[in-house]
């Protein structure tokens, strides 16, 4: 269980045993202007750094002060470290750091292996020690001083008065401690927390609960710790390590004298209520009642246990009522297992006082107690079981070591000497020591044994590799010493061909510094293109050179010798390779593997018809090519570079003289052009290529090309004819053109000659029989293309007018627009009036449009002539009927207007309370005419006395058109009664007419165009029957109506109604 501070413990023990000072001298630190210690920030944590006694005193006197301005941390809360050992001045009274539970030490105190000396705590101070009450961390610090209080105070310790919680590690106290209850060489009272890897050597005395390390352990743990000072108490519970123990104790021991006037005195623990394991006691024990070599009294029920522990110190009996045991004075309760006492040295025959035997307790002789097999059940990871020695805790064993020589060559002998001892300074003889090194060589030795003084000697052979070796001494599986100053020098000499081939010389030896070595020769290595020139410690020759057979002294490292080579020399020359002018660059002799930049054509080499393009190692260009500016590496032979030429390319251009395009050719100097595919040209036949534009010198494509040239195409024009076809002619002779034409010539188109086709007129020629080609008139010009031409006679029928002989009617006075259509012949057509006349207001335009507004009515007959584009004419007789318009009558308001034809018609109108209906039966009129129904008012002077006007209506139409049948005019009005009478107005007079009058209706037959009035008699006062009959009024000349037996007779004279 190798522990930190093991070496410090051994060194301290040895120094104490020899009367030497156990600690390093304090470091001198220059005083500062302020006694407040400096604060350093280390990795984000503020540390108070103590270097002087004045700084330590400042902390002691300012325990409630902040460590620095702006901080809220007081010194008992801070991280504090010793920078060196500090000695307090004589007479200085120390106030414990952490004065009470309300102001405990809660920080971290790191002694860094240094000590605080001359600490003095006196007087009635509770919780007395360098630290008073602590919850913090204390480590790596030693305290030397005097801690003495009166019997009324409690909790006094050489390091700490009261450990409430926290940790103590790698620390010690060497001063004397005395007080009332709970006094310990290191800690007075341990409430909880841990104590580890720590010890105390000072004497402890007090009333009760006195321990060499801890006075009262109420909880917490103690491990890997020990106490060697004497313990005495005027009361109960006194122990070499702990006075009263309620916590855990492990891997610890006590060796001091223990005496007590009261009960419960033990070599390790006075009163044990907790757990004790892997621990032992070797000190003398005496007292009142309950005295034991290890524990005075074991109590506490099942929680009180002792295991794997032993005692060897003498136990003195007390009074007649005392209980004494080699291991435990009195066992009130608890468990003991695998624990031992030396019955020879303790003077006890029983392990537990008052009991002849006890389970788990073994009484052994001194011989057996120093025999490892006795403790075969113990854990050897905690114990070192050495033959001839009581069991030791592994952390107690140490060793010294020296190694000679510290520098050794490969295979050399190394001697290791040293001694093995316990932490108490006792040499351990007859102990096996295993010596090993951290190498793969032959380093492990058979165990060596220590002699009478604990000394040992071992040797081993150094390996054949260079390394720094860490030598380790192991005792019973625990590494107790390491030494790392052995340097093994196994330097080698290696030869490197440095680019050569073959087998380099070999040196299988190893050397140490200062050895001499004979340098080897070249052996059978070869470096192509080079000659061997010796060896060098650097590949590039910048190190130390050695000739073959010379002597080299080994230094402090392996040596590699690199073969040195001198490059062979070869020539580099240039050849113009057929040049016709200029000069080649100068040659030179160059070393093997030299890199040369290839020059350009510096001498202006020329060759007719060629261009310089670089250099080549072969005259025919089949070797390696080098462009200007590239690099060449000299090999193992002479080199000639030949100028490399590329034949110039010349362009042969083909002028097709209007034919299809021919791509030009690039032809190398003195090469021959290749005859291309013949070009084409519309209307011509290709007649070969010529070398001149005048086409006098044919090209045979067999003359070498020495420059750019142009070849010209020659063409022969093709001959073409014009042929005429009658195209279904029925007579006559075909025209003939006996001429021949070339493309681009003009032919004159012939006439029709005597050609004829029944029913048709010749209209020219066309390149298509159906006339869809190109049209040519006789005498016109035909431009010849690249083909024969056939012209077909074209025939057309005579023009005609394709319409009815009777044109659509038109109402007199209304616009008219009628298109006369022509067919046949050759459009466009021209229309004219050949005979007859049009009504006034109409015009026939030349394109056949009959337009205008006719001002006359009646039927008009005329003859129209049509002439086509060729001048051919035709006529057609045409008639046009203009419908007459109705004249104005007596009544001026037109209620409805309508054209009535031979099929008759019905005119209807409604105005106010009257509905008028005119019925014209079929066949009444031979031709259409316009008829109007009119209405209006009648002057009062026309209406007889005693009569009222019901309605006045008229029917107007042209009077020259005589109706063949009577027409019926009906008036509907609720004011009409059977007594109503109907009249017509003639020349300003009312003339009675025949009408059928019923209630609400008057039906009037008539032939002429009359204006009707309907009269209703005024009522007669007191009349008993209606008025009948009607008066007769004077008639105008020109017509007479009479009423004969319900019939209507008309004296009619042709007239036109006078307009009033």
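Every number in this text was worked out from the coordinates using simple rules, so none of it is lab data. The shown structure was predicted, so the numbers you read here are calculated from the model rather than taken from an experiment. Because the Cβ atoms are built from the backbone with ideal geometry, glycine has one as well, and the counts that use them run over all protein chains shown.
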Nearest 10, in degrees from 0 to 90: the angle of helix 6-17 to the longest Cα principal axis of the chain is 20
A chain fully extended from residue 701 to residue 501 at 0.36 nm per residue, minus the present Cα-Cα distance, gains in nm 65.9 nm
Expressed in nanometres to one decimal, the distance between label points 7 Å along Cα→Cβ at residue 832 and residue 556 is 14.2
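Of all beta bridges DSSP finds with both residues in the chain, what is the antiparallel percent, to the nearest 5? Could you put the intermediate results ahead of the total?
Numbers: 167 of 301 bridges.
Once the DSSP bridges in the chain are tallied, antiparallel ones form about 55 percent.
Which number comes out as Rg/Rh for the stretch 253-324 once both Rg and the Kirkwood Rh are worked out on C-alpha atoms? Could you put the intermediate results ahead of the total?
Numbers: Rg = 11.2 Å, Rh = 11.7 Å.
Ratio of gyration radius to Kirkwood radius for the stretch 253-324: 0.96.
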Residue 538 and residue 790 label points (each 7 Å along its Cα→Cβ direction) are spaced in nm at 10.5
Rounded to the nearest 5, the percent of DSSP beta bridges in the stretch 649-717 running antiparallel is 75
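Nearest 0.05, what FRET efficiency do residue 778 and residue 674 give at R0 = 60 Å with Cβ-Cβ as r?
0.65
Assuming a viscosity of 1.306 mPa s and a temperature of 10 °C, what translational diffusion coefficient in µm² per second does Stokes-Einstein assign to the stretch 453-612, Rh being the Kirkwood radius over Cα pairs? Mind showing how you got there, number by number?
Values: Rh = 21.4 Å.
Stokes-Einstein gives a translational diffusion coefficient of 74 µm²/s.
Contour minus end-to-end for residue 513 and residue 302, with contour as 0.36 nm per residue of separation and end-to-end as the Cα-Cα distance?
On the way: separation 211, 0.36 × 211 = 75.96 nm, distance 6.93 nm.
Full-extension gain reported as 69.0 nm.
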With -39,500 (n - 2.57) per DSSP H segment of 4 or more residues and division by the full residue count of the chain, the 222 nm estimate, nearest 500 deg cm²/dmol, is -500 deg cm²/dmol
Reviewing (1) 33.4; (2) 41.8; (3) 48.1, the figure for Kirkwood radius over Cα pairs in Å actually calculated from this model sits under (3)
At the level of C-alpha centres, the distance separating the stretch 342-402 and the stretch 93-145, in angstrom, is 37
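Please compute the alpha carbon radius of gyration of the stretch 726-826, then divide it by the globular-protein estimate 2.2 N^0.38 Å. Two decimals is fine. Intermediate values should be presented prior to the final figure.
Details: Rg = 20.4 Å, N = 101, 2.2 N^0.38 = 12.7 Å.
Ratio of Cα Rg to 2.2 N^0.38 Å: 1.60.
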With the stretch 800-882 reduced to its Cα atoms and the Debye formula applied, log10 I(q)/I(0) at q = 0.25 1/Å amounts to -1.20
Hits in the stretch 671-690: amide N under 15 Å from the 7 Å Cα→Cβ extension of residue 649, namely 671-674
Among the stretch 388-426, those whose backbone N falls under 19 Å of a label point 7 Å along Cα→Cβ from residue 452 are 388-389, 418-422, 426
Among the stretch 985-1006, those whose backbone N falls under 19 Å of a label point 7 Å along Cα→Cβ from residue 896 are 1001-1006
Taking the alpha-carbon centre of each part, the distance from the stretch 752-796 to the stretch 907-923 in Å is 68
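Which FRET efficiency value, to the nearest 0.05, is calculated for residue 804 and residue 682 with the Förster distance at 45 angstrom and r the Cβ-Cβ distance? Provide the component values of the computation, followed by the final result.
Numbers: r = 56 Å, r/R0 = 1.24.
About 0.20, to the nearest 0.05.
Looking only at the stretch 800-882, where both bridge partners belong to it, what percent of the DSSP beta bridges are antiparallel (to the nearest 5)? Intermediate values should be presented prior to the final figure.
Working: 25 of 27 bridges.
Approximately 95 percent, going by the DSSP bridge assignments.
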Between the alpha carbon centres of the stretch 561-633 and the stretch 475-528 the gap in Å comes to 47
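Normalised by the residues of the chain, what does the relative contact order come to in percent, with Cα pairs under 8 Å and at least six apart?
On the way: 3086 pairs, mean separation 34.7, N = 1060.
Dividing the mean separation by the residue count of the chain yields 3 percent.
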The relative contact order of the stretch 543-673, taking Cα pairs under 8 Å that sit 6 or more residues apart, comes to a percentage of 22
Computed from the beta carbon distance with a Förster radius of 22 Å, FRET efficiency for residue 961 and residue 840 to the nearest 0.05 stands at 0.65
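When only C-alpha pairs under 8 Å and at least 6 residues apart count, what is the relative contact order of the stretch 718-796, in percent? Don't jump to the answer; show the numbers that get you there.
On the way: 182 pairs, mean separation 31.2, N = 79.
Relative contact order for the stretch 718-796 comes out at 39 percent.
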Here, residue 987 and residue 344, labelled 7 Å along Cα→Cβ, have an inter-label distance in nm of 19.9
Rounded to two decimals, the Debye log10 I(q)/I(0) of the stretch 634-783 (Cα scatterers, no solvent) at q = 0.12, 0.15, 0.16 Å⁻¹ is -0.72, -0.85, -0.90
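Provide the gained length on full extension for the span residue 767 to residue 103, in nm with one decimal, where the gain is 0.36 nm per separating residue minus the Cα-Cα distance.
Values: separation 664, 0.36 × 664 = 239.04 nm, distance 13.40 nm.
Length gained between residue 767 and residue 103: 225.6 nm.
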